[in-house]
Amino acid sequence: MLRLFIVIATLLLFGKCETQNQTLCPDAECADYITQQAAQAAYDRDKECLRELDKDNDGIACEHLPASGGGTGCPTTANCGCSNKNQSACASACCKWVVGTGCRCK
């Protein structure tokens, strides 16, 4: 019985400490932003906490969101946010699959 008490007390103690040491990150996703620029600004402020905004790890947050200020609505990066996408992920309003080259701007 004493052994069971020690095990339960140890689990409660370590579980509590572990929870207190974790940093609190906002639960943010691309749907929380209207434009790619707004998402990028938030991501640039805290890349560790907001890594969910950059699912392909290319440094560009929420590539599928429209750019602010009108235009095509495609990201204003060198490859329109189309880099590092496989063929199925490439099909979008901004990107097209080019055989032998990969995902590129439309």
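Values in this text are rule-based calculations from the coordinates and carry no lab data. Bear in mind the structure is a predicted one, so any value in this text is a computation, not a measurement. Positions of Cβ are generated from backbone atoms using ideal geometry, with glycine treated the same way; all protein chains shown enter the neighbour counts.
The phi torsions of the stretch 87-99, fed into the Karplus equation with coefficients 6.51, -1.76 and 1.60 and a -60° offset, translate into couplings of 4, 5, 7, 6, 5, 7, 5, 9, 10, 9, 8, 10, 4 Hz, rounded to whole numbers, with Gly and Pro shown as x. Close amide-amide hydrogen proximity is noted between Cys95 and Lys106, each under 5 Å apart and 5 or more residues distant or on a separate chain (H modeled in the peptide plane; Pro and chain starts excluded). Fewest neighbouring Cβ atoms within 10 Å first, the residues Tyr33, Tyr43 line up as Tyr33, Tyr43.
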